[in-house]
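First comes the structure, then the notes that go with it.
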Amino acid sequence: MAFITRNQFYIDGKWVDPTSDGTIEVTDPTTEKAFARVPAGAAPDIDLAVEAVTKSLGEHSKTITGSEEV
């Protein structure tokens, strides 16, 4: 298996640069060997992702269905 390196996050349908330089190694728990390196997200990255999700849900996220009792 080839080692995978990602330098960006996929947010709101596009690849975006992280706001920090940190990275995280992803380890396969069955072999305990690192197989990937990804950006370490910071608060601004999370805010951007949450904003994208909130925008994509729109008014639908405020709708109460019959299965949700208030």
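The values are calculated or read from the model by the stated rules, or taken from the named source; none is laboratory data. The model shown is predicted, which means the values in this text are computed figures rather than measured ones. Note that each Cβ is placed from the backbone with ideal geometry, even for glycine, and that neighbours are counted across all protein chains shown. Just the protein is used for accessible areas: all its heavy atoms, side chains included, with ligands, DNA and RNA removed. Shrake-Rupley method; radii C 1.70, N 1.55, O 1.52, S 1.80 Å.
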Selection from segment 13-41 of residues that are farther than 17 Å from Ala2 by Cα and either among the polar types (S, T, N, Q) or touching a Cys at 6+ places or on another chain (Cβ under 8 Å) (or both): Thr19, Ser20, Thr23
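Here is a yes/no grid of residues against (1) assigned to a helix (DSSP H, G or I); (2) open to solvent by 100 Å² or more (accessible area, probe 1.4 Å); (3) in contact with an Asp or Glu (Cβ under 8 Å, 6 or more places away or on another chain):
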site	(1), (2), (3)
Tyr10	no, yes, no
Pro18	no, no, yes
Asp21	no, yes, no
Ala34	no, no, yes
Arg37	no, no, yes
Val50	yes, no, no
Thr54	yes, no, no
Leu57	yes, no, no
Yes/no for Arg6 being open to solvent by 60 Å² or more (accessible area, probe 1.4 Å), modelled with pLDDT of 95 or more and among the basic types (Lys, Arg): no
Cβ pairs under 9 Å, 6+ apart, first in segment 12-24 and more than 8 Å from Gly41 (Cα to Cα) and in contact (Cβ under 8 Å) with a residue 40 or more places away in the chain, second open to solvent by 40 Å² or more (accessible area, probe 1.4 Å) and not acidic (Asp, Glu): Asp12/Leu48; Asp12/Val53; Asp12/Lys55; Asp12/Ser56
